[in-house]
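Below: one structure, written as structure tokens.
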Amino acid sequence: MKNKLLLLLFAFTLTVTAQEENKQTEKNTSRFGIKGGYNLASIKTDSNGTTDNRHGFHIGIFGESFISDFFSIQPELMYSQQGYKIENELYELEQRLNYLNLPIMLKVYPDEAFYLELGPQVGYAISHKEELKSNILTTTKSFEPNSFDWGVNAGLGFRSRSGFSIGARYHLGLGKIYEDSDTFNRLIQFSCGLDF
């Protein structure tokens with residue numbers, strides 16, 4: 001009986017230790033995955049105003065590598081629909097700017113599941129189109145934005161043990177969209193991701 005109790009206690013100790021090691025290993029393992037979600041895009045104008053929002057989406061891949069128990073670095077490569085809309089009684093203007101973005105996020109895990117993130121982002125404009133509708137005429141024109149955009153991101157999120165994550169991020173554009181005017185990207189993103 002005594003031997004059985006000692007054997008049971010030993011097995012229990014091994015199981016708990018293995019579970020703790022698995023948790024630690026899982027948390028500190030490099031990850032690769034896909035993510036995508038909803039964009040709410042606008043721009044900041046010369047007069048410190050903002051435009052109406054353009055609704056769009058983003059999709060791409062990411063990799064996450066831990067540099068300590070609580071910190072990781074996550075580079076991403078994302079296709080992102082951005083731009084803006086202006087609507088009033090005289091006309092409706094929609095500018096569609098689509099980017100290939102490269103954010104590099106420093107993530108902090110105060111808890112095993114929740115994280116905060118902050119980091120720079122550079123983007124390359126891969127397509128652009130402006131559409132103007134008014135009571136008088138409807139035209140589609142193409143204006144040349146700057147090819148490169150840059151700024152900073154901040155966000156937060158949750159990741160389950162199964163590898164499913166949800167998050168929200170704000171992008172503050174610091175590079176001018178057009179060379180001859182002080183216009184900057186603003187973007188709110190809501191994402192879902194899955195790592196492998």
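Taking a quarter of the surface of the convex hull around the Cα atoms of segment 31-195, what do you get in nm²?
Working: hull surface 39.9 nm².
For the Cα atoms of segment 31-195, the hull's average projected area reads 10.0 nm².
Below 29 Å Cα-Cα, how many Lys pairs turn up in segment 31-195? Only count pairs eight or more apart in sequence, or on different chains, if you could.
Close lysine pairs found across segment 31-195: 21.
Given 0.36 nm per residue, what is the gain on full extension from residue 68 to residue 156 after removing their alpha carbon distance, in nm? Before the final figure, lay out the partial values.
On the way: separation 88, 0.36 × 88 = 31.68 nm, distance 1.86 nm.
Taking residue 68 through residue 156 to full extension adds about 29.8 nm, to one decimal.
Using θ = phi - 60° and the Karplus form 6.51 cos²θ - 1.76 cosθ + 1.60, what ³J(HN,Hα) does each residue of segment 153-162 get, whole Hz, x for Gly and Pro?
Values per residue, Gly and Pro as x: 10, 9, x, 8, x, 9, 10, 7, 5, 6 Hz.
Return a whole-number percent for the relative contact order of segment 151-196, with Cα pairs under 8 Å and 6 or more residues apart as the contact set.
Computed over segment 151-196, the figure is 38 percent.
Over segment 75-136, how many percent of alpha carbon pairs lie in each 10 Å bin up to the one with the longest distance?
19, 29, 24, 18, 8, 1
Between residue 192 and residue 178, 0.36 nm times their residue separation minus their Cα-Cα distance comes to what?
1.9 nm
Expressed as a rounded percentage, what relative contact order does segment 31-195 have, with Cα pairs under 8 Å and six or more residues apart?
Normalised by residue count, the contact order of segment 31-195 is 22 percent.
Of the listed peptides 163-172, 73-82, what is their order by residue-averaged count of other C-beta atoms within 10 Å, with the highest listed first? Write down the numbers at each step before the final one.
Values: 163-172: 17.1, 73-82: 18.8.
In decreasing order of mean packing, 163-172, 73-82 become 73-82, 163-172.
No value in this document is a laboratory result; all are computed from the given coordinates. Note that this is a predicted model, so its numbers are computed, not measured. Glycine gets a Cβ as well: all are built from the backbone with ideal geometry, and neighbour counts include every protein chain shown.
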